[in-house]
Amino acid sequence: MKTTYPESSHPNANREATPDVSRSSWSVFWRLLKLMRAYRSWMALGVLLSTLAAIAGIGLMGLSGWFLASMGLAGVAGVSMNYFVPAAIIRGAAIVRTAGRYAEKLINHDVTLRAMSTLRVELFARLLPLAPARTGFLGHAELFSRLRADVDRLEHAYLAVLLPILVAAIALPLVTVVLACFVWQVAALGVAMVLLVAVILPYALARRSAASSVAVVELEARLRTLTSDALLGAAELRLYGGEAIQAERIAALTEEHGRVRAQLDRLQAAGGALVGLAAQATTIATVLLGARALQQHHLAPAELSMIVLLALAQFDVLLTLPEAISQLGATLVSASRVFALIDAAPAVDDPAQGLPRPTRTDIRFHDVAMSYAPTDESGLDTAKRWALCGVDLDVPAGRRVAIVGPSGAGKSSLIGALLRFYPIQRGRIELGGQPLEAYAGDRVRDMIAVVEQRTHIFNGSLLDNLLVGRPDATAEQIHAAIRTAQLGAFVAGLPEGLNTWLGEAGVLLSGGEARRVSIARALLADRPILVLDEPTEGLDAATAHALLSALDSLMQGRTVILITHRLAGLAELVDERYTLRSGRVVREPIGEFSRA
Ligand code: ADP
């Protein structure tokens, strides 16, 4: 049987990845520029320098044309002319053009890179409060895509679109005025051609490339997700022989991406060719119009070569525009994807004026119901499934309570609601006698340390991973935590002790070691409430038993909620036991396992 692997399991994933930009392209573009407003002085300087370089370049062409023709004509006529002044001006223009280009590139790229890095940091800061409720369905690869590729593409909006448009808007009227002083028909022709190349052609290109631009961004994001999924699941794919299917899917997407990219490239090339054609046609027409003006003695011979070269040079500033415009669609799609993240509201709102950190640590759930189904008016919540339905639970301060239930019973959901990661739809959770929603989420989480079944080990040293619990921990505190978590022998055996690199997702740690790192982290964090989520799950009996005394030390003096699907081995650690089944809690006798 042919195995298929879900490329994007959540129905919202693709809908999110393909925002509709057509309606609001301009508002997206302006919002993008507003994001960069902190850099407006530097941007203004960048535009000024670019314009100066462009004018110097155009002037250089015109003046050189006039100068060479004048020198030639003077030579033929055998008369002398003052060549010092024009030669000095030409040299000056050449220097301004070269230096201006250098400074302009430096400033414009610097300012966009700075703006993009600020945006990336801001975006990351906005992302954190969205986790885990609002980020879960997008997946890591998709989030990474938005933070990296989409933000990268945004620099295009200023560098390739706004900048050349502004430069053209300042420099071209000057050229038109100069041309009009000699032959007005040439100036009028120039204006018509500029309109064609800078307005009509880009508009037509933008219309034709709109669909491909959206598709290209979406395909790139899907490719990234698919590839990262294949890499993460490489072992499973090899095990079940799924490499060929995954490779086929990647190849098919790559091919489709290539096809859409080629469509965009063809449009871009056609745009470039049309600008070239317009430039050549303008040159020829200028020669003809200039020759007639020469015949009618409205133009001096040397001036003819000057206006021909001026007419040609004005296209220099327009050359990049069709390419920029054909990429504008993709830039705006990326911007919409970034803005969608910026605008996403956290799943749980913080109160405007949260209560201060509570002094008591008793926890009470009263008739709590919670569902992961969206509660907006989209109609998606009709078949709401309740993860918790009517939970009543009392955890007095300093008590150790076990919540036992089969997989899927709602144990993690209970903790998610307590940590204010997910909103509840009914009932009340109280912390220290006050409703949980009266505290800011961070204040609640400040009170609670969590030891999870699957601890995330960051790609850093053991020390980095411990300091996650408390960045300012002293050496004594770290060593005490290591001792209590029974990591001493493990650390002593590491080649570089605490500075040993643990690898991506802690690949160099065994399950039991990772669990101990998590216990040491929780010890360092030193919070009055402790949540243990299946702390011995997946460990062999000997390792699990060895962990018990570390867990017991961690529990000392704290209010504890231990969630597990099987209490065996952990029973001696707790005071009370509840059973959670299908989102409901039932109190059960402790029996012979009582800690006391
Ligand atoms: P347990 O921790 O006891 O295994 P959970 O609290 O994880 O149970 O799950 C309870 C129910 O909620 C299950 O039906 C599960 O499928 C669902 N669920 C859990 N997490 C999510 C989530 N992030 N989004 C949607 N449904 C979820």
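The values are calculated or read from the model by the stated rules, or taken from the named source; none is laboratory data. What you are looking at is a predicted structure, and each value in this text was computed from that prediction instead of being measured. Neighbour counts are summed over all protein chains in view; Cβ atoms, including those assigned to glycine, are modelled from backbone coordinates with ideal geometry.
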For segment 111-132, state whether one or more residues are over 20 Å from F29 (Cα atoms) and aromatic (F, W, Y). yes
Mind checking which helices (runs of 4 or more DSSP H) fall wholly inside segment 137-247 and carry at least 3 residues that are under 32 Å from the mean Cα position of the chain (by Cα) and surrounded by fewer than 16 Cβ atoms within 10 Å (Cβ to Cβ)? 201-232, 234-240
For segment 141-154, enumerate the residues that are out of contact with any helix residue (DSSP H, G or I) (no Cβ under 6 Å at 6 or more places or on another chain) and either within 15 Å of the ligand (Cβ to nearest atom) or of a type in the set (K, R) (or both). R148
Scan segment 442-457 residue by residue and report those that are under 25 Å from T564 (Cα atoms), away from the ligand (no atom under 16 Å from the Cβ) and in contact with a Leu (Cβ under 8 Å, 6 or more places away or on another chain). V444, R445, M447, I448, A449, I457
Do any residues in segment 403-417 that are under 11 Å from D533 (Cα atoms) have Cβ atoms under 8 Å from those of residues that are near the ligand (Cβ under 6 Å from one of its atoms), where the two are at least six apart or on different chains, and which pairs are they? I403/K411; K411/G405
Search result, residues across segment 419-437 that are within 23 Å of L127 (Cα to Cα) and away from the ligand (no atom under 12 Å from the Cβ): L419, R420, P423, I424, L436, E437
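Can you confirm whether L309 is over 30 Å from L147 (Cβ atoms) and out of contact with any Lys or Arg (no Cβ under 7 Å at 6 or more places or on another chain)? Walk me through how you get there before you give the answer.
Values: over 30 Å from L147 (Cβ atoms): yes; out of contact with any Lys or Arg (no Cβ under 7 Å at 6 or more places or on another chain): yes.
So L309 fits the description; yes.
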By residue number, the members of segment 112-137 that are of a type in the set (G, A, S), in contact (Cβ under 8 Å) with a residue 60 or more places away in the chain and more than 16 Å from the ligand (Cβ to nearest atom) are A115
In segment 528-542, anything assigned to a strand (DSSP E or B) and within 16 Å of the ligand (Cβ to nearest atom) is listed as V531, L532, D533
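When segment 275-309 is examined, which residues are found to be touching a Pro at 6+ places or on another chain (Cβ under 7 Å) and closer than 30 Å to Q327 by Cα?
Of everything in segment 275-309, just one residue is touching a Pro at 6+ places or on another chain (Cβ under 7 Å) and closer than 30 Å to Q327 by Cα, namely V275.
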On the given criteria, is V338 surrounded by 15 or more Cβ atoms within 10 Å (Cβ to Cβ), among the β-branched types (V, I, T) and away from the ligand (no atom under 12 Å from the Cβ)? yes
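Give segment 251-271 a look and list any residue that's farther than 24 Å from A160 by Cβ and crowded, with 16+ Cβ neighbours inside 10 Å, or say none. Don't jump to the end; show me each part of the working.
If we filter segment 251-271 for residues that are farther than 24 Å from A160 by Cβ, which is where we start, we get 251-256.
Selection gives L253 alone.
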Can we say D381 is of a type in the set (D, E, K, R), within 16 Å of the ligand (Cβ to nearest atom), within 27 Å of the chain's Cα centre (by Cα) and at pLDDT below 85? no
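Here are some residues: I250, I284. Which one is of a type in the set (A, V, I, L, M, F, W, C) and either in contact with a Gly (Cβ under 7 Å, 6 or more places away or on another chain) or closer than 29 Å to V199 by Cβ (or both)?
On the way: I250 fails: either in contact with a Gly (Cβ under 7 Å, 6 or more places away or on another chain) or closer than 29 Å to V199 by Cβ (or both).
Every option except I284 fails the conditions.
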Of those in segment 384-417 that are more than 8 Å from the ligand (Cβ to nearest atom) and either in a loop (DSSP other than H, G, I, E, B) or small (G, A, S) (or both), the residue nearest to L562 (Cα to Cα) is A402
Looking at (1) touching a helix residue (DSSP H, G or I) at 6+ places or on another chain (Cβ under 9 Å); (2) free of Cβ contacts under 8 Å to residues at least 12 places away in the same chain, which is the one condition that is false for D472? (1)
Given the condition under 30 Å from M61 (Cβ atoms) and either hydroxyl-bearing (S, T, Y) or part of a helix (DSSP H, G or I) (or both), answer yes or no: does some residue in segment 250-266 qualify? yes
Going residue by residue through segment 450-468, is there one that turns out to be polar (S, T, N, Q), surrounded by 15 or more Cβ atoms within 10 Å (Cβ to Cβ), closer than 27 Å to V368 by Cβ and within 28 Å of the chain's Cα centre (by Cα)? yes
Of (1) surrounded by 13 or more Cβ atoms within 10 Å (Cβ to Cβ); (2) over 28 Å from the mean Cα position of the chain (by Cα), S80 satisfies every one except (1)
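Are any of the residues in segment 106-121 touching a Ser or Thr at 6+ places or on another chain (Cβ under 8 Å), assigned to a helix (DSSP H, G or I) and modelled with pLDDT under 90?
Taking segment 106-121 first, the residues touching a Ser or Thr at 6+ places or on another chain (Cβ under 8 Å) are 108.
With the extra rule that they be assigned to a helix (DSSP H, G or I), the set shrinks to 108.
Of the ones still in play, those that are also modelled with pLDDT under 90 are none.
Checked segment 106-121: no residue is touching a Ser or Thr at 6+ places or on another chain (Cβ under 8 Å), assigned to a helix (DSSP H, G or I) and modelled with pLDDT under 90.
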Go through L551, L523 for me and flag whichever is in the same structural domain as S412 (by TED's automatic domain parsing), buried (at least 22 other Cβ atoms within 10 Å of the Cβ), touching a Ser or Thr at 6+ places or on another chain (Cβ under 9 Å) and modelled with pLDDT of 85 or more. L523
